[in-house]
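Colleague: The structure is given below, and queries will be raised subsequently.
Every number in this text was worked out from the coordinates using simple rules, so none of it is lab data. Computed from a predicted structure; not experimentally measured. Here the Cβ positions follow ideal geometry from the backbone for every residue, glycine too, while neighbour counts run over all protein chains shown.
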Amino acid sequence: MAVMKNVCALASALLLCSSLSAGPAPKPAAKPAAASKDLHIYWIDMEGGASTLIVAPSGESLLVDTGIPVQEEVQRIYDMATKVAHLKKLDYVLITHYHGDHVGGLPALSKMIQIDHFLDHGDLTFETEKPNMMKGWNAYKAAADDHRTTMHPGDNLPLKGVNITVVSAAGETITKPINGGGPNEALCKDAPLKPADRDPENSASVGILLKYGKFRFVDLGDFPWYQEQLLACPTNMLGHIDVYQTTHHGTDRSGSPQLVYALHPTVAVMNNGPTRGDQSTFEIVKKSPGLEDLWQGHLALKVDKSYQADEKFIASLDDTEHCKGNWIQLTVKPNGHYTVTNTRNNFSKTYMSK
């Protein structure tokens, strides 16, 4: 298995190949990402699964998770990569963990577009007694073949033009604060704890902190509440950030106030589905000090609207059957200004990095 320091050398040696054609293209929301000096992040609608596409100013790409094993949703990833971001390949695919809503689409996607490198937390060790887990794991291994690299806390992903640090993987976290992190005793005093997650594979999630100039973004996969304390108490390991992708799709199994409030995000993006997202999590996120806006992939149909974002910040208002696959897009300028866009209504808002 290749080690992280060899990934850059391998990437430069690989040849490009053309992607296969697919269905009708969504209307581009911006100029081709590879042709700009901006950082682009796209939250692709996986109906409650996860898939976040990052395109660096260099044009190199990182897809974090591949959603559920449903062809319609996999097609959305392909269209986003090739027809919105104008990519001919994916340089890196990072699988945070092996649950089906994060890795399920990978086998089909790998047949549609070239993927140079697969990044993950190592071999499956949790939930191996579950047939569906083993089926998904074996399908992932077959697709990733010998192009896998295991991530460890403290590793840096070699995506040109940005700095991405692995902050959690395989149940471990970084042990020294980064990004100006420091003591967090006030928030941690009498912090409510929850038991270990009922699906231990969540605890293995690969989490990342991305930096581009002054801009900071965090994605922790499905890292559960219990393990979040390792990043929050008694020390805030991650410092303050600009954009927080809500952990575990906005469910109350993650998103402890000790971590969310310590991160002090200006913007939160919830990649939920119509039946995902819990009232308590909405309350925690919206009370986060310094938060200006919450953006949602879906209206949470089981949560009172009064707890959710204003509808202009929500990409999809329908249930899964009628969903059009709208996405949320982020563009970060070199000067630190960043704009979030809801492609359902083209509503945009611009913020300034801390």
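Colleague: So for the chain, averaging the separation of alpha carbon pairs under 8 Å that are six or more residues apart and normalising by length, what relative contact order in percent results?
Modeller: Working: 883 pairs, mean separation 51.3, N = 354.
Answer for the chain is 14 percent.
Colleague: Would you calculate a helix-derived [θ] at 222 nm for the chain, using -39,500 (n - 2.57) for each DSSP H run of n ≥ 4 and dividing by the full residue count, to the nearest 500?
Modeller: Details: 9 runs with 66 residues, N = 354.
Result for the chain: -5000 deg cm²/dmol, rounded to the nearest 500.
Colleague: Within the set 88/130; 89/324; 286/333, which residue pairs have Cα atoms separated by over 28 Å? Don't skip to the answer; put the middle values down first.
Modeller: Values: 88/130 36 Å; 89/324 25 Å; 286/333 26 Å.
Beyond 28 Å: 88/130.
Colleague: Can you tell me the relative contact order of segment 113-252? Whole percent, Cα pairs under 8 Å, sequence separation 6 or more.
Modeller: It comes to 24 percent, rounded to a whole number.
Colleague: Let me ask something else. Separation between the residue 129 and residue 160 pseudo-spin-labels, each 7 Å from Cα along Cα→Cβ, expressed in nm?
Modeller: 4.9
Colleague: Assuming R0 = 25 Å, can you tell me the calculated FRET efficiency for the pair residue 350 and residue 318, based on Cβ-Cβ distance, to the nearest 0.05? If you can, show how the numbers build up before the last one.
Modeller: On the way: r = 28 Å, r/R0 = 1.10.
Calculated value: 0.35.
Colleague: Here is a further query. Just to confirm my numbers, what's the Cα centroid distance between segment 134-213 and segment 39-83 in Å?
Modeller: Each part reduced to its Cα centre gives a spacing of 19 Å.
Colleague: For segment 92-178, list log₁₀ I(q)/I(0) at each q in 0.18, 0.20, 0.22 Å⁻¹, using the Debye formula over Cα point scatterers of equal strength and ignoring solvent, two decimals each.
Modeller: Values returned for q = 0.18, 0.20, 0.22 Å⁻¹ are -0.83, -0.98, -1.13.
Colleague: Anyone know which of 69, 177, 224 comes out most mobile in the 10 Å Cα GNM of the chain?
Modeller: In the Gaussian network model the winner is 177.
Colleague: Excluding residue 274 itself, calculate the net charge of residues whose Cβ lies under 10 Å from the Cβ of residue 274, where each Lys or Arg counts +1 and each Asp or Glu counts -1.
Modeller: Neighbourhood net charge equals -2.
Colleague: What is the gain in length, in nm to one decimal, between residue 111 and residue 283 on full extension, counting 0.36 nm per residue of separation less the C-alpha to C-alpha distance?
Modeller: Numbers: separation 172, 0.36 × 172 = 61.92 nm, distance 4.09 nm.
Additional length available on full extension: 57.8 nm.
Colleague: Grab the other residues whose beta carbon is less than 11 angstrom from that of residue 256, score K and R as +1, D and E as -1, and report the net.
Modeller: 0
Colleague: Something else: Picking from 343, 152, 46, whose Cα lies most toward the positive end of the charge dipole for the chain (charges on Cβ: Lys, Arg +1; Asp, Glu -1)?
Modeller: Towards the positive end, the residue furthest out is 343.
Colleague: Let me ask something else about it. If you work out Cα extents along the principal axes in Å from the coordinates, which of (1) 66, 48, 38; (2) 56, 42, 38; (3) 54, 43, 43 do you get?
Modeller: (3)
Colleague: Excluding residue 334 itself, calculate the net charge of residues whose Cβ lies under 9 Å from the Cβ of residue 334, where each Lys or Arg counts +1 and each Asp or Glu counts -1.
Modeller: So the surrounding residues net to +1.
Colleague: Would you work out if segment 115-272 is rounded, prolate or oblate? Take a ≥ b ≥ c from the square roots of the eigenvalues of the alpha-carbon gyration tensor; rounded if a/c is under 1.5, else prolate when a/b is larger than b/c, oblate otherwise. Present the calculation step by step, with values, prior to reporting the outcome.
Modeller: Numbers: a/c = 1.99, a/b = 1.31, b/c = 1.52.
Oblate.
Colleague: Give me the dipole magnitude in Debye, nearest 20, for segment 89-175 about the Cα centre, with unit charges on the beta carbon: positive for Lys and Arg, negative for Asp and Glu. Before the final figure, lay out each step's value.
Modeller: Values: 7 positive and 11 negative charges, 56 e Å.
Dipole size: approximately 260 debye.
Colleague: Let me ask something else. Straight distance only, please: which aspartates and glutamates reach the Cα of residue 211 with their own Cα at less than 17 Å, same-chain residues fewer than 8 apart left out?
Modeller: 38, 60, 155, 219, 242
Colleague: Can you pull out the GluC sites (Glu not before Pro) in segment 272-354 whose DSSP state is coil and whose Cβ has at most 13 other Cβ atoms within 10 Å?
Modeller: Working: sites: 283, 292, 311, 321; in loops: 292.
For GluC sites (Glu not before Pro) across segment 272-354 that sit outside H, G, I, E and B with at most 13 neighbouring Cβ atoms in 10 Å, the list reads 292.
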